[in-house]
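A.B. asks: Before we start, here is the structure in question, set down as structure tokens.
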Amino acid sequence: MGKSGSKGRADAAAFASMVIHSDYVDADDIRFSIRSPTVRMWFNLYEQIFRTKGSKPALKDFDPSVLSRHNGSLILVRKVGEGDFYYLWYGVEIEAFSGFNMIGKCTSEMNSGVFRYFEHTYQRALDNGSAILAVHSAPLSRQVASWERLIMPLASPDNAEELLIVNVPRQSRENLALSIQRALAWPVIGVVPFASNRSPQDGRLVYVNSAASSLLGTDENFIEDWLSEAVPGFLESDVWRRILKENRSGECQTFALRAAIPDDQHKWCVHVSRNDDLWILMFIDENECRLMHAD
């Protein structure tokens, strides 16, 4: 992230009691902190119009085709009272992630600490008189882990205080979970069983984290392989037989069984869970497993 300064740290402290975490980045550092190409495009466009006019852009200064193309990730708000903001527009892509539509509503109508955060953030942008970037957590979304929110003050013909906001996911919860799995010290693999003509019934190894890659000897370019070839002998294990049995029955139970990997000295306790067609296997050293259960 770029520098958010002492004011940013004070803001973070002020919102420590809320169900949200945020970092603020002011205009000088925004371009170093943006990840989203969409947000970068809007920031560059806003800054270009600002420099050309010598003052804040108005909504009419933006190309209508650009507004139309990106309207799913745009929010337009107008300040209507002390610390209150009225939603003139709320993009359908944002609605799909948040689960609600704010068009025609005010922040004050929402009894949530998240909307108190929005009020504070929008007012901060108005006070700055220039674009700010807020990177914050997403406690109202099951799909999004964090948002990248560019808030751009606008000039208005009736001197109203308006903001154009670009709001796009910065990180999904699914990608966050994958990042955590990749970083685990224990090997984790993902397998999809297939009713193939291979005997015994085989499966496709479609995911390995870093620890599993070291254990199985796969390289950094690994995408997928037959389980029988990536882990010789594993198709004869109790773990694989149990997976096939539950896969046929349609059951979805979490279980743990012991297993060995050829040419590996460890004795493993394999924790198995299911997510749709994917079976997730976590290999925990048997000694560590005993210690965990002893605690």
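A.B. asks: Which of the residues belonging to segment 215-239 are in contact (Cβ under 8 Å) with a residue 24 or more places away in the chain and at negative phi?
C.D. replies: Selection gives LEU215, LEU216, TRP226, LEU227, SER228, ALA230, VAL231, PRO232, PHE234, LEU235, GLU236, VAL239.
A.B. asks: If you don't mind, there's one more thing I want to ask. Among the listed residues ARG182, ARG258, identify the single one that is closer than 30 Å to VAL144 by Cβ and at pLDDT below 85.
C.D. replies: ARG182
A.B. asks: Something else about it: Which residues, counting only those in segment 226-255, are exposed (fewer than 15 other Cβ atoms within 10 Å of the Cβ) and of a type in the set (Gly, Ala, Ser)?
C.D. replies: GLY233, SER249, GLY250 - these are the residues of segment 226-255 that are exposed (fewer than 15 other Cβ atoms within 10 Å of the Cβ) and of a type in the set (Gly, Ala, Ser).
A.B. asks: Further question on the same structure: Condition first: charged (D, E, K, R) and at pLDDT below 95. Now tell me which residues in segment 64-78 satisfy that.
C.D. replies: The one that is charged (D, E, K, R) and at pLDDT below 95: ARG69.
A.B. asks: ALA177 passes all but one of (1) within 29 Å of TYR46 (Cβ to Cβ); (2) hydrophobic (A, V, I, L, M, F, W, C); (3) not assigned by TED's automatic domain parsing to the domain that holds SER73; which number fails?
C.D. replies: Of (1) within 29 Å of TYR46 (Cβ to Cβ); (2) hydrophobic (A, V, I, L, M, F, W, C); (3) not assigned by TED's automatic domain parsing to the domain that holds SER73, only one is false for ALA177: (1).
A.B. asks: What single numbered condition from (1) out of contact with any Gly (no Cβ under 7 Å at 6 or more places or on another chain); (2) at pLDDT 80 or above; (3) within 28 Å of ASN175 (Cα to Cα) fails to hold for ASN275?
C.D. replies: Exception for ASN275: condition (2).
A.B. asks: I'm told GLN48 meets every condition in (1) surrounded by fewer than 19 Cβ atoms within 10 Å (Cβ to Cβ); (2) within 29 Å of the chain's Cα centre (by Cα); (3) of a type in the set (S, T, N, Q) except one. Can you identify the failing condition by its number?
C.D. replies: Of (1) surrounded by fewer than 19 Cβ atoms within 10 Å (Cβ to Cβ); (2) within 29 Å of the chain's Cα centre (by Cα); (3) of a type in the set (S, T, N, Q), only one is false for GLN48: (2).
A.B. asks: Sort through LEU176, LEU164 and tell me the only one that's among the aliphatic types (A, V, I, L, M) and under 29 Å from PHE50 (Cβ atoms).
C.D. replies: LEU164
A.B. asks: Moving on to the next point. Would you check which residues across segment 138-172 are more than 17 Å from PHE85 (Cβ to Cβ), under 13 Å from the mean Cα position of the chain (by Cα) and not aliphatic (A, V, I, L, M) and list them?
C.D. replies: Result: PRO139, SER141, ARG142, GLN143, SER146, GLU148, PRO169, ARG170, GLN171, SER172.
A.B. asks: Of the conditions (1) without any contact (Cβ under 8 Å) to a residue 12 or more places away in the chain; (2) of a type outside the set (A, V, I, L, M, F, W, C); (3) in contact with a Cys (Cβ under 7 Å, 6 or more places away or on another chain), ASP127 satisfies every one except a single condition; which number is it?
C.D. replies: Condition (3) is where ASP127 drops out.
A.B. asks: Then there's this: In segment 137-157, is there at least one residue being in contact with a strand residue (DSSP E or B) (Cβ under 7 Å, 6 or more places away or on another chain), surrounded by fewer than 15 Cβ atoms within 10 Å (Cβ to Cβ) and at positive phi?
C.D. replies: no
A.B. asks: Quick one: would you say VAL166 is among the hydrophobic types (A, V, I, L, M, F, W, C), buried (at least 18 other Cβ atoms within 10 Å of the Cβ) and in contact with a His (Cβ under 8 Å, 6 or more places away or on another chain)?
C.D. replies: yes
A.B. asks: Follow-up. If THR121 satisfies every condition in (1) assigned to a helix (DSSP H, G or I); (2) out of contact with any Ser or Thr (no Cβ under 9 Å at 6 or more places or on another chain) but one, which is the exception?
C.D. replies: Of (1) assigned to a helix (DSSP H, G or I); (2) out of contact with any Ser or Thr (no Cβ under 9 Å at 6 or more places or on another chain), only one is false for THR121: (2).
A.B. asks: Related question: Out of all the residues in segment 92-112, which are surrounded by 14 or more Cβ atoms within 10 Å (Cβ to Cβ) and either at pLDDT below 90 or within 19 Å of ALA145 (Cβ to Cβ) (or both)?
C.D. replies: GLU93, ILE94, GLU95, PHE97, SER98, MET110, SER112
The values are calculated or read from the model by the stated rules, or taken from the named source; none is laboratory data. The structure displayed is predicted, hence computed values, not measured ones. Using ideal geometry, Cβ is built from the backbone for each residue, glycine included, and neighbour counts are taken over all protein chains shown.
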